[in-house]
Amino acid sequence: MWGGRFAEGPAAVMREINASIPFDKRLWKQDIAGSKAHVAMLAVQGIVSGEDAQAITEGLSRVADEYARDGVPVNMALEDIHMVTESRLAELIGGAAGRLHTARSRNDQVATDFRLWVRDAMDEVLAGLKGLARALVTRAEEHADSVMPGFTHLQSAQPVTLGHHLMAYYEMLKRDVSRFADARARLNQCPLGAAALAGTGFPIDRHMTASTLGFAAPTDNSLDSVSDRDFALDYLMAATQCALHLSRLAEEFIIWASQPFGFVKLPDAYSTGSSIMPQKRNPDAAELVRGHAGRIMGCMTALCVTMKGLPLAYSKDMQDDKPPVFEAHDLLGLCLAAMTGMVDTVTFRTDRMRSLAESGFATATDLADWLVREADIPFREAHHITGRAVKLAEERAVPLSELPLADLQMIDARIDERVYSVLTVDASVASRVSHGGTAPAQVRLRIAQAKAELAEGGA
């Protein structure tokens, strides 16, 4: 490629370290699309002839057909997807292929290809997120009334509904959707035409190529155009946050599937057995989602470290921008598919959930609230009174709702028989009617809103 400048070819190790074709061959569709848009613009601007442009376009289509059929050949001497494609184009159409690279550089070419690829990747993730969101909403609607223990510090805190719990993850996914959508909007400017770093003296029409490739506009600074990888970092940071949310849901399923909890039975399709213990049903899919979150986070860190000290404009370090994005995207796609499958098919053991919700004195806060509301007792005093009631119930090994009224009145004479109306888990859950609360009516309202959001294309 640069034989006019160098008398000798690169050393074997230089070929190995310099070549990116083993991984950037994934960009072939975007590379073909970018080249077609570029040559069409060159023809309209009179920079290349219509005849050459047609030959190049037809040749690129033939190359694309070969890639689709046989895969992209890995030729380390040709370094990257751009040179592999241009070399094959030359074999097919001859000297006209050399005109394709007029008014562009591999610097703006790869920046364009990579943006196109990341944009497609974001669209895939957005579709996956919305699929999981729909699954969560569907299961939440089934269980808007199903009582389960709510936890803080993984200790039984207050009863909630399973539907409310599942909808908490819908809210997380909704934020993930917004992050990817925002990142996609920022990404959607076209670097093509920035050339190596300074633009070009040819009378190109960058707005035309941007429009042809579906970008909102061309980028506005040629130096930034070829050196910017914020779009890749945006993808990885959004992917990391999303993976953390998926990992938390996976951890819930892992805990809930354990025998001490027994809240769920994971389907066979997302479980494995043991090579030595026949009774085992291991939540391996959920554990791998949890593990993959760490790898995705590592990909984000890797690109941050690569980019942190690079001067303008392009440096060869930036060739390492693609492997972490490719890896993270593959892992995130698997995680979304696995979690969607688990949410769709998991069996919730609501009888077990209710049983544990009724233990652990989960309605203690309801007793304190009743004392404030009905006996006009300051909350701090009510908290102390309730603590004494919990201690007594613990000593008697009974729930609060089974303490005799006489015993409660020995703790505080202002307690009367009306208190029993708030000491059941159903009463506790039904009372949480504040906006965003766990009362079934509030949960159903939020589910209806979520279904409308999903129907409108959001999440």
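Annotations for the structure displayed:
- Region 362-386: number of residues that are open to solvent by 50 Å² or more (accessible area, probe 1.4 Å) and either of a type in the set (A, V, I, L, M, F, W, C) or under 33 Å from the mean Cα position of the chain (by Cα) (or both): 2
- Residue count, region 440-456 (criterion: in contact (Cβ under 8 Å) with a residue 40 or more places away in the chain and not in a helix (DSSP H, G or I)): 0
- Any hit, region 62-75, residues being of a type in the set (S, T, N, Q), at pLDDT below 95 and more than 24 Å from G201 (Cβ to Cβ): yes
- Residue within region 344-359 that is over 29 Å from A157 (Cβ atoms) and outside the structural domain of I21 (by the TED database) present: no
- Taken over region 398-429, residues that are farther than 21 Å from D351 by Cα and outside any helix (DSSP H, G or I) amount to 7.
- Which listed residue, of L233, L197, is hydrophobic (A, V, I, L, M, F, W, C) and open to solvent by less than 40 Å² (accessible area, probe 1.4 Å): L233
The values are calculated or read from the model by the stated rules, or taken from the named source; none is laboratory data. Keep in mind the model is a prediction, meaning the values are calculated, not measured. Because the Cβ atoms are built from the backbone with ideal geometry, glycine has one as well, and the counts that use them run over all protein chains shown. All accessible areas refer to the heavy atoms of the entire protein, side chains included, with ligands and DNA or RNA removed. Shrake-Rupley method; radii C 1.70, N 1.55, O 1.52, S 1.80 Å.
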